[in-house]
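K.L.:
Got a structure here, written out as structure tokens. Questions coming.
The values are calculated or read from the model by the stated rules, or taken from the named source; none is laboratory data. Source: prediction; values computed, not measured. Here the Cβ positions follow ideal geometry from the backbone for every residue, glycine too, while neighbour counts run over all protein chains shown. The area values use the complete protein model at the heavy-atom level, side chains included, leaving out ligands, DNA and RNA. Shrake-Rupley method; radii C 1.70, N 1.55, O 1.52, S 1.80 Å.
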Amino acid sequence: MEANGLGSQGFPELKNDTFLRAAWGEDTDYTPVWCMRQAGRYLPEFRETRAAQDFFSTCRSPEACCELTLQPLRRFPLDAAIIFSDILVVPQALGMEVTMVPGKGPSFPEPLREERDLERLRDPATVASELGYVFQAITLTRQRLAGRVPLIGFAGAPWTLMTYMVEGGSSSTMAQAKRWLYQRPQASHQLLRILTDALVPYLALQLFESHAGHLGPQLFNKFALPYIRDVAKRVKARLQESGLAPVPMIIFAKDGHFALEELAQAGYEVVGLDWTVAPEKARERVGKTVTLQGNLDPCALYASEEEIGRLVQQMLNDFGPQRYIANLGHGLYPDMDPEHVGAFVDAVHRYSRLLRQN
């Protein structure tokens, strides 16, 4: 298989592995960069592709997911692709109905209200087969990427998924979900275990704990961290059992700055940072054994291209040249100018090469 440019599993061999090497903590010639939500509404071609279809129908179409994943790579020299999907495909696969309401976001018509509602959920062992369409999209995309860059898969962490399933959608306080933690700790752990069991056979690379900030250190250590750790440990064990090469894993806990030390020791090679954390302080706190990813304020992309260049230079100086993957501190917003995204990517590549020469 190797002779015709195909790697060991019949996928094209990787031509640019800078992102993977940075994730493993190996030296790289420049700082790799990708953007959360790089496959998104800020691209006119994305809006065109998505226009005709309901959101979750798009998620279920491997062809559409592949096209949306590749769009940003046609425009920008990014160092990784991230599969177009959604964290809520996992609650769907567990049997919950989720709709995407325009202007409002995801909505669960029948959220989990009582302990007995957990009986409605499907056996987590069936989730991977329910999500076959995601695996098809990943396979198709890896073939079409032709080894240009690595492809990142992702999932929502158990606590973040629980918040949607209990709240029935987005919430500014997460009061319903946190009420469960205080009033029904056992049922909460049961639900978080179901979600962990569902995620392990499914998960590839980046775990999003988007709602970490609603928990303080105590609730985080009790209801979020154990499951974050468990996912990493079990995904790695499964890869080993299957005889597959290890894959570096990324944990991104938005607003989870109070748990940086714990996250650095949770079994992930990369810790993603949002823009509220100072890079030098983060580096001091996590030590030298993990790679950091982040953390330009996404709104900095509203600045002029020159200013973006200055901000990137500052960020690269603060993080240092190695064990670092450049990214935004959260996802791209729909009204951002693609030219400014390009300026961000180019600035990272340009300045990081300069930094290494000096």
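K.L.:
Look at P111 and say whether it is in a strand (DSSP E or B), at pLDDT 95 or above and open to solvent by 10 Å² or more (accessible area, probe 1.4 Å).
P.N.:
no
K.L.:
Determine if segment 66-74 includes at least one residue that is buried (at least 22 other Cβ atoms within 10 Å of the Cβ), closer than 25 Å to I325 by Cβ, in contact (Cβ under 8 Å) with a residue 24 or more places away in the chain and among the β-branched types (V, I, T).
P.N.:
yes
K.L.:
Go through (1) over 28 Å from L20 (Cα atoms); (2) surrounded by 20 or more Cβ atoms within 10 Å (Cβ to Cβ) one by one and return the number of the condition Q53 breaks.
P.N.:
Q53 satisfies all of (1) over 28 Å from L20 (Cα atoms); (2) surrounded by 20 or more Cβ atoms within 10 Å (Cβ to Cβ) except (2).
K.L.:
Filter segment 114-128 down to residues that are under 18 Å from Q186 (Cα atoms) and assigned to a loop (DSSP other than H, G, I, E, B) and give me whichever is most open to solvent (accessible area, probe 1.4 Å).
P.N.:
E114
K.L.:
Go over the candidates T139, T160 one by one and state the one that is under 28 Å from R74 (Cβ atoms) and of a type in the set (S, T, Y).
P.N.:
On the way: T160 fails: under 28 Å from R74 (Cβ atoms).
Sole residue among the options that is under 28 Å from R74 (Cβ atoms) and of a type in the set (S, T, Y): T139.
K.L.:
To continue, here is another question. Could you grab me the full set of residues in segment 280-294 that are at pLDDT 95 or above and either in contact with a Cys (Cβ under 6 Å, 6 or more places away or on another chain) or open to solvent by 10 Å² or more (accessible area, probe 1.4 Å) (or both)?
P.N.:
Here is the first cut: in segment 280-294, the residues at pLDDT 95 or above are 280-286, 290-294.
Those that are at pLDDT 95 or above and either in contact with a Cys (Cβ under 6 Å, 6 or more places away or on another chain) or open to solvent by 10 Å² or more (accessible area, probe 1.4 Å) (or both): E280, K281, R283, E284, R285, V286.
K.L.:
Among the residues of segment 72-105, how many are outside any loop (DSSP other than H, G, I, E, B), over 18 Å from the mean Cα position of the chain (by Cα) and within 30 Å of F344 (Cβ to Cβ)? Even if it seems obvious, please write down each step before you answer.
P.N.:
Restricting attention to segment 72-105, the residues satisfying the condition of being outside any loop (DSSP other than H, G, I, E, B) are 72-75, 81-82, 89-93, 99-101, 105.
From what is left, the residues that are over 18 Å from the mean Cα position of the chain (by Cα) are 74-75, 92-93, 99-101, 105.
Now narrow it down to the ones that are within 30 Å of F344 (Cβ to Cβ): 74-75, 100, 105.
Qualifying residue count for the region: 4.
K.L.:
Can you tell me which residues in segment 318-351 are of a type in the set (D, E, K, R) and crowded, with 22+ Cβ neighbours inside 10 Å?
P.N.:
Once the filter is applied, which keeps residues that are of a type in the set (D, E, K, R) and crowded, with 22+ Cβ neighbours inside 10 Å, segment 318-351 yields only R323.
Yes or no, residue by residue, for (1) under 30 Å from S129 (Cβ atoms); (2) of a type outside the set (A, V, I, L, M):
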site: Q183; (1), (2): no, yes
site: G216; (1), (2): no, yes
site: F252; (1), (2): yes, yes
site: A278; (1), (2): no, no
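K.L.:
Further, regarding this structure: Could we say that A282 is within 19 Å of the chain's Cα centre (by Cα), on the phi < 0 side of the Ramachandran plot and part of a helix (DSSP H, G or I) here?
P.N.:
No: the conditions fail for A282.
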